[in-house]
Every structure is written in C-alpha cells, then in structure tokens.
Amino acid sequence: MANKGKARWIIGGVVIAGAILGISFLNLGDNLIYFYTPSEAQAKAAELKEQTIKVGGMVLPGSVKWQPEGLSLDFMMTDLKGHNISVHHNGTPPDMFKEGQGVVVEGRISTDGQSLAARNLMVKHSEEYKKPGAEHSSMDKELLEKSLFKGQQSLGK
Amino acid sequence: MKATAFDQYVTLVRQGLRAEFVDKERLVSPVLFALTMLILFAFALGDLDQSLRIKVYLAETLLTALFALQLSFSRLFEPDRQDRVFDLLRTYPVSYSSLFLAKYTLVLILGSATLIPTMLFGAFLHQSANQSLFSWLVLGISILALAGLGALGVLLSVLTLKAQARQILYPILYFPLTTPVLLAAIQSARLCLEAGVTSPELKSWIGLLVGFDTIYITLGILLFTELMDES
Amino acid sequence: MFNSEDKREFLIGSVLQTFIIFHWCLAFFYAPVDIHQGPVYRIMFLHVPSAITAFASSLALCVFSVLSLRNRSERLMAWSKGTAEVGLLFTILTLATGSIWGRPTWGTWWTWDARLTTTFLLALLYAGYLLLYGSMAPGPGRTRVCAVLGILIFADVPIIYKSVTWWRTLHQPPSMIRQGGSTMDPEILWTLVAGIFVMSLYAAWLVRVRGRNILLADEIESASYASFGT
C-alpha cells in the first residue's frame, strides 16, 4: 500500500515539476511583463504592425497634448537616445502620468515605427532607498532609466 | 472478478449522472441563476461603451457562471452522503483516483452545461453592430478554466464534507486557492476579444492556464487519494 | 503560583520582548531618514519582517501537516493550529502596516500589487483553515483534513504570487525592496535583518506557547469526558 502511494507521488511530482519547467522555459510569464524599448520597437515595426505590443519609455517633456472634451491624449515617448515614438491614447491618463515620467504603453505600432495607437497606458516608477545627501531630491534619473529599460530583451525571436 | 479502475470510473460516472438527474432542481439552478444575473445586469447597465463591454461581458458571464457553479461544487458529494454511499464506497477496494476522476468528469459535464449557455446568451445580449462577443476560443478558454477550478472543487468538496459552516467555508477557501486559474482565464478571454488571436500575451496567458490546470489536477488527485487512504 | 515551566516561558518571553525593544530603538534612532519618503518609511521595519514571518508560517504549517499525515499524531494537530493562528496574526499585521505605509507614499490605502494581493489571499486561507478546524469534531478525521489543507495552502501560495505578479507588474507602484538591495544603505539593511530575526523568533515562541495551550486544553477536555463514566 505504501509503495503504491510512493509511486503516485513521484509521478505526480514529475508532472507538476514538468508543468512548472514548461512555464519557465517557454518564458510564458516573462512575455507578459517585458516590453520593447522605442528603438527596438521601431526596428521591428514592420513585422510587429499587426500585433498588440508593449513599449516602455519616458514621456518627453513639452510633448504632452491633452484634450479633455474628447478625452484625447497625445505625447512623445522617448528612450533618451534620440528614438521617439508619438503616442495617441483615448481616455483619461493615470494619476501619476506627467512629463518626464516613465510609461509603458500597450497598442499597435505603425508600419514606419513613428507612431503608436495606445490601448492601455501604465506608469512605471523607479525603486530605491537612499540617505539624504545625494545631489538632487527628485527621483534619480539614472535609476529610473535603468528600471525602465532593464526589461528590454528580445521578445520571442 | 474485481473491476478494473476504468470500469470503476465509468460506473461511478454513470451513477453520478443518474443521481444528478434525480433531483432536477439541483441541475437547473446554476444555469437559471446565471441567466437571471445576465438579465439583471443588462437592465442595470444599459448600453455600454465598446471598451467596457468586453470587461463587463466577461464579469457577467464567466465569473457569474463560475460563482454559481461553486455552489454546486460544494454539494458534489451530497448524493453520496445519503444512504451512506460514501462510507460504503470507501470500504470497497475502489481506486481513489477513479473516484476523483469520476466526480471530476461530472463537474466538467455539468459545469459546461451551465457555462456554455451562459456565455452564449451573454454574447447575444451584449452584441453590437461592430463588435461580436462570440468566439470559439473564448468558449474553449472557459472550459479550460472549468478544468482547473473543477479539480480543486472536487478536492475541497471532500475536505469540507464533514464540516459544519460549509456555506461560508467553501468560498473562503475556494476563491483564494483558484485565483491563478481565474486570473489566467479572464486575462486570456479579455485579450482574445480585445486584441485578437495574434497577441503574444494571449498565448502566454493560455499557456499559463494550461500549466495551472495541469498542476491543479495533479495536486487534486494526489491529495484526494492521500486523504482517503486509511492505513 | 508559577511552576517552573511557567517561569521558564516567562523568562523566554521577557528576553524576546527586550529584543523587540532593542530593534525598535534601532529602527528609530540608528537607521537614517530616507531621501524620498522621509521618516515614514520606517514602518518597513515592521512590515517586511511580518510579511516574511507570515509566509514562513505557511511553510511551517506545511511541514507540520506532512508530519501529522505520516505519524497520525494528534499532537501535531495542535501545533498546526497554533501555526495557522500565528500566521493569520502576522498576515493581518502585514496588511495593516502595508496599508499604512501605502497611504503617504503611493497616495492610496490599498492597491492590487502582487505582494499585497497574495498576502490578502493568504489571510483568507489561514482564516479558512481555522474555520475548518473549528467546524469539525475532534479526531483523526479532522487532523487528516486539516493536514491536506495545510499542504494545499503552501503549494498554492507561490503559484498565486507568480500569477498575480504577471497580472500586475506593469501597474506596480514603487517596490518596497529593491531586487539587489544594493541601493539600500547598510544601516537600513542591518536594521531590517535584525527585525526579520527578532520577529521570526517571536513568532516561533508564539507558536510554541499556543501549541502547548491547545494541547493542555485537549487534555482537560478528554479528562472531563473520561471522568464521566466513573
């Protein structure tokens, strides 16, 4: 009786381990949280144009145009290295959305990679703990960029 | 001549179905509940924006149906409690995996009988000229969700068999434990309706749903047999 | 009035209390003020250890559950129940401190980020476990059922955590702990480590006290039934 139980647990354990490994190796979870940088998205725009993708960048200061009557938002998303994408979104932006803020947009990119119709707009923050005495009091720009772009990896070759 | 595990399984499924059909009210109440909720929602919410419609459709149909089913899950072993069938089954050398799979099959059959009509009727109520809420993939996703939820449902049903406060106890255990399946199902269905079949996220969520189902069914069988084993 | 056992428990408890007081002194005076959040971040020294303890309790619960299935021992039921109670306590503490921390830093009392959501679900599971325990008659049946539930809870928590993470990562407000910990200044880090250590010890002691209480209560109950027949 005990042996039969043992065998069952071993088979069960293998199946469960297999499911977990399958999930990790297929990068199923990662596909959900990673996003393209503007440069990556522009480079791949031609092959990505039919898909809904996620692109992460920073809101270019001075580029935000918000029309309350039509709930229409337009802004430029940049990777601070010269690659800019113009984003259009219908609907109220999230509370923390402002210029210089890190954002991840979800939507369809145009064939030329210059503009994106966003279906979903999310704000991303940096994460850090520091003692006072650093040079500036606003969120550390480098860390913000790092946290934004640490998600950059080739999404499913 | 001792019956093989498969014969036991078939017999138990037929016994279960027969027991269910005896009390027709038990069969029909989840469907009626879900359909009533759909009509009430339609009255309360009226015409919706396109963007909202998908989310509301999923909440009304998938979630409502699953909630209604949860009520019948908790009473899965009720027929076996009558005439001490459950105790008799345990004294007979029945394969516990067969018993689990038999109840699980019952769950899948009866659950689909509730889930599919609800989703179809909901799609019908909320359809509009430029947006169709009917999708074979979404129906498939809801069956996949049922697969995972049913496994835990059977296990929890046995766990709470002798407990007193089952009305509150069952949901308080059931919903936290099945959160991953619910999340994966809702996200997949939403992405399917919103972004279409090409979305890479959709493939991820469906993959996760299948993975979770595998884990839960396996865990369900393992722990069920562990529970029933008395040595 | 006190027998030697009670005196020993009292001594252990007092020592642990002084550890806690020492840790609070560290948290308030040794750790510096955070550059972005100001002094309010100090609640992290309560929040993070509580969270770790709450989840460690689920591991302990699983271990006790597996043991009680193998040994068929009623005593382990008492320890399991004590662990579940302590787990519930620290889960609620985590949620409360997390909520209080969230208000000034994120602007909201609650948000569906992965950690808070999982902790909330874990609280429900502990409560469900205790409900199950309370609604069944004592005996080997209850021990087995609760043991299976204990294993199920522990097995499911990582899956819940991962699925909620994948669901919410991009919506997440600032993390409480940076992945590498490398931007956390040493004083802060060490105070945190001390806190985790102290709180785990305290939780273990609570489980011990509670487990012994339950065993005593069971003994008294069985003794009272036994004397009925005579």
With a 1.4 Å probe and every protein chain kept in, tell me what percent of the accessible surface of the protein assembly as shown is carbon plus sulfur. 65 percent
What are the aspartates and glutamates whose alpha-carbon lies under 12 Å from the alpha-carbon of A:Lys54, with same-chain residues fewer than 8 places away excluded? A:Glu40, A:Glu106, B:Glu201
Of every Cα-Cα pair in the stretch B:1-95, the percent that sits beyond 22 Å: 49 percent
Local net charge near C:Thr83, Cβ-Cβ under 15 Å (Lys/Arg +1, Asp/Glu -1): +4
Relative contact order [Cα under 8 Å, 6+ residues apart], chain B, whole percent: 25 percent
Helices from chain B with mean Kyte-Doolittle at least -0.5 and a Cα length along the axis of 15 Å or more, per DSSP H: which? B:5-22, B:24-45, B:64-74, B:96-126, B:136-159, B:166-177, B:179-195, B:200-228
If one takes the accessible area of chain C alone plus chain B alone and subtracts that of the pair, with a 1.4 Å probe, what total in Å², rounded to the nearest 100, results? 2600 Å²
Surpassing 20 Å at the alpha-carbon level, of the pairs A:Lys49/B:Lys203; A:Lys44/A:Lys65; B:Lys24/B:Lys103; A:Lys49/B:Lys55; B:Lys203/C:Lys162, are A:Lys44/A:Lys65; A:Lys49/B:Lys55
Using the crude model of +1 on Lys and Arg Cβ and -1 on Asp and Glu Cβ, and no other charge, please compute the dipole size for the protein assembly as shown relative to its Cα centre, in debye to 20. 1140 debye
Could you work out [θ]222 nm for the protein assembly as shown from helices alone, using -39500 (n - 2.57) per DSSP H run of at least four and dividing by all its residues? Round to the nearest 500 deg cm²/dmol. -22500 deg cm²/dmol
For an R0 of 30 angstrom, estimate the FRET efficiency from the Cβ-Cβ distance between C:Tyr225 and C:Ser14 and round to the nearest 0.05. 0.25
Could you compute how much accessible area chains A and B hide from each other, both sides summed, with a 1.4 Å probe? Nearest 100 Å² is fine. 1900 Å²
So with the 1.4 Å probe, I'd like the accessible area per residue for the stretch B:5-229, rounded to whole Å². 41 Å²
Give me the dipole magnitude in Debye, nearest 20, for chain B about the Cα centre, with unit charges on the beta carbon: positive for Lys and Arg, negative for Asp and Glu. 200 debye
Tell me whether the protein assembly as shown comes out rounded, prolate or oblate; compute the Cα gyration tensor, take square roots of the eigenvalues as a ≥ b ≥ c, and use a/c under 1.5 as the rounded threshold. oblate
Put a dot 7 Å past each Cα toward the Cβ at B:Asp229 and A:Trp66; how far apart are the dots in nm? 6.2 nm
Candidates B:Gly153, B:Gly16, B:Gly196; GNM for chain B (alpha-carbon contacts under 10 Å) flags as most fluctuating B:Gly196
Accessible area per residue in Å² at 1.4 Å probe, computed on chain C: 48 Å²
Which value, in Å³ per residue, describes the convex hull spanned by the Cα atoms of the stretch C:1-100? 129 Å³
Once normalised by the length of the stretch C:49-166, the mean sequence separation of its alpha carbon contacts under 8 Å that are 6 or more apart gives a contact order in percent of 37 percent
Could you please report the charge total around A:Leu28, scoring K, R as +1 and D, E as -1 over all other residues with beta-carbon less than 13 angstrom from its beta-carbon? 0
Taking the Cβ of C:Gly107 as the center, what net charge do the other residues with Cβ under 15 Å away carry, scoring Lys and Arg +1 and Asp and Glu -1? 0
What FRET efficiency, computed as 1/(1 + (r/R0)^6) with R0 = 30 Å and r the Cβ-Cβ distance, is obtained for A:Leu80 and B:Ala59, rounded to the nearest 0.05? 0.15
Taking a ≥ b ≥ c as the square roots of the eigenvalues of the Cα gyration tensor, with a/c under 1.5 meaning rounded and otherwise prolate when a/b exceeds b/c and oblate if not, chain C is oblate
Provide a list, ordered by number, of residues in the stretch A:19-67 showing at least 20 Å² less accessible area with every protein chain present than when their chain is taken on its own, using a 1.4 Å probe. A:Ala19, A:Ile23, A:Leu28, A:Gly29, A:Asn31, A:Leu32, A:Ile33, A:Gln51, A:Thr52, A:Lys54
How much accessible area is lost when chains A and C come together, counting both sides, with a 1.4 Å probe, in Å² rounded to the nearest 100? 2300 Å²
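The values are calculated or read from the model by the stated rules, or taken from the named source; none is laboratory data. Values in this document were obtained by computation on a predicted structure and should not be read as measured data. Positions of Cβ are generated from backbone atoms using ideal geometry, with glycine treated the same way; all protein chains shown enter the neighbour counts. Surface accessibility is based on the protein's heavy atoms, side chains included, excluding ligands, DNA and RNA. Shrake-Rupley method; radii C 1.70, N 1.55, O 1.52, S 1.80 Å.
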